[in-house]
Each structure stands twice: as structure tokens, then as C-alpha cells.
Amino acid sequence: MDLVEIPAGWFGMGREDGHPGERPRHRVWVDGFAIARFPVTNLEYAQFLSATGALPPPWWTNPRFSGGDQPVVGVSWLDAEAFCQWLSRERAEACRLPSEAEWEKAARGGLDGARYPWGDERPTGASFDRPPPVTTTPANPLGLHALSGVCHEWCLDWESETYYRMSPERNPRGPETGTRRSSRGGAWRHQDPWSPVAHRSSLPPHLRYSDYGVRVVRAPG
């Protein structure tokens, strides 16, 4: 798994012209961490299934979803957690889901004011009838791929639309409890897959959708 180091620092999280849950734009500090360059692919997830005997996600054998370089989709938040625990044992280092703040800081790649991870221009002429390969969509300045247009990516946090109004400045991890887990990234299945970098979404942690995948971070704590 190819990891990109993200240095500690401040960034502007959220957007003033977004949905209520994406406001207000606020200043956040995130400690240094490393994040996978790509979401987990089918090829990588197959190693987890083989090693653990876990049940494959829905659509696993469907030809539209089974390419080795496509992101694995149809994983619940609970599945994603189990994958991270297995990966931690395999790599002998702590791997987990990113917090929303970590995901957005990494996805912005230093372009704090930009609408998308790669800038302000929306890709044209692209639509998908299946999850595209993880190298298909534009990369951000840090070389991270598939941050919009590919799949929603589960995050560590419980979801709350009001959290930004009260979140701590340093290393926010979301509310302590909730009913839905947060996710980030635009998804292939939407009519408009190109979600802004600050866009937030969520699902109950047991659900499996054909546009939900996982990206891993290595970080202390």
C-alpha cells in the first residue's frame, strides 16, 4: 500500500457556500499522518478475504465491479474497520480509517480555497456506469487519487450536522456517539459524481452500498 506523508499543520475545513453541515468554514490543526494514495482496490481486499475468511461484499463477482484496479465497494463501516485491523497486523503498524479532518486536509493537498481536490475546474464529459479504476480521476497536488468521482470513503467519525459549530481546533474526531458514520468523496453512482472537497455524507455503519469504499491512514492514536 502506497502511503503519502501529510505534515502537521493548520487548514481551513468546510465551506461557507456548502450545505448546513459543511458550515462554518473553520480553522483546524491536524497532527502529521500518512494516508493511502488510492482507496483500497479489489486486488488488495481479496488478500484480506483470503486471509480472514470474511464474506465478500455484494457485487464482488459482478463483472462491472470486479476489476482488480477498481475500488472495493459494498463494504460497510464495520467491514472497513475489520480490514484496518487485519492490515495493522499484517504491516505491524497502526492502520485505521481517517478522521474527517485528516481526510479533508489530505484531500485539499494545500489548495485550501479550491472547490475540488485538484482546483476549481469541474471535469467535463465524464460519467460512469461502474466504479472507475482508482487512477482514472484527477490527482491532487500531493498525488492522491480518486478523491472525487469514484466512491464515498468511510471515516472514523460519527456524523453530526452541527459538529462544526462546536468542534475543537486540534485533531477533531467527531461527536462521541451517533447513528451514522461519516464519509467523504464524490461517488460514481451520483448524477453528478464530482463532489466538492468539503462535501460530507454519511450512512448507518452496517449498511453496504455500491458506491462506498475505504481509504486507510497510518497514524498514532
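The values are calculated or read from the model by the stated rules, or taken from the named source; none is laboratory data. What you see is a predicted model; the values in this text were computed from it and never measured. All Cβ positions, even for glycine, are placed from backbone atoms using ideal geometry, and neighbour counts span all protein chains on display. Just so you know, the surface numbers come from the protein's heavy atoms only, side chains and all, with ligands and any DNA or RNA stripped out. Shrake-Rupley method; radii C 1.70, N 1.55, O 1.52, S 1.80 Å.
Brief remarks on what is shown
- Working from Cα pairs under 8 Å separated by at least six residues, relative contact order for the range 1-97 is 21 percent.
- The packing ranking, built from the mean of other Cβ atoms within 10 Å per residue, places the peptides 80-88, 178-186 in the order 178-186, 80-88, highest first.
- Table column - 3J(HN,Hα) (Hz), the range 202-208, Karplus curve with 6.51, -1.76, 1.60, x for Gly and Pro: 6, 8, x, x, 8, 7, 10
- Taking L147, L55, L111 in turn, the Gaussian network model of the chain (Cα-Cα springs below 10 Å) assigns the largest fluctuation to L55.
- Its Cα centre serving as origin, the chain has a Cβ charge dipole (Lys and Arg +1, Asp and Glu -1) of approximately 140 debye.
- Heavy-atom surface analysis with a 1.4 Å probe gives the range 1-66 a carbon and sulfur content of 56 percent of its accessible area.
- Across the range 28-42, rounded Karplus estimates of 3J(HN,Hα) from the backbone phi angles (6.51 cos²θ - 1.76 cosθ + 1.60, θ = phi - 60°) give 9, 9, 10, 5, x, 7, 10, 10, 5, 5, 10, x, 4, 8, 4 Hz, Gly and Pro being marked x.
- With contacts taken as Cα pairs under 8 Å and at least 6 residues apart, the chain reaches a relative contact order of 29 percent.
- Within the accessible area of the range 88-201 (1.4 Å probe), percent carbon and sulfur: 46 percent
- Sorting the segments 130-142, 23-35 by their mean number of nearby beta carbons within 10 angstrom, highest to lowest, gives 130-142, 23-35.
- Rounded to the nearest whole Hz, the Karplus-based 3J(HN,Hα) values (6.51 cos²θ - 1.76 cosθ + 1.60, θ = phi - 60°) of the range 161-170 follow the sequence 5, 9, 5, 4, 6, 9, 5, x, 5, 10, with x at glycine and proline.
- Gyration tensor (alpha-carbon) shape descriptor, the range 40-170, a/c threshold 1.5: oblate
- Surface exposure of the chain, expressed per residue as accessible area with a 1.4 Å probe, stands at 44 Å².
- The label point for T162 and the one for Q191, both projected 7 Å from the Cα toward the Cβ, are 3.2 nm apart.
- Extension gain, T177 to Q85, is 31.0 nm, computed as 0.36 nm per intervening residue step minus the present C-alpha separation.
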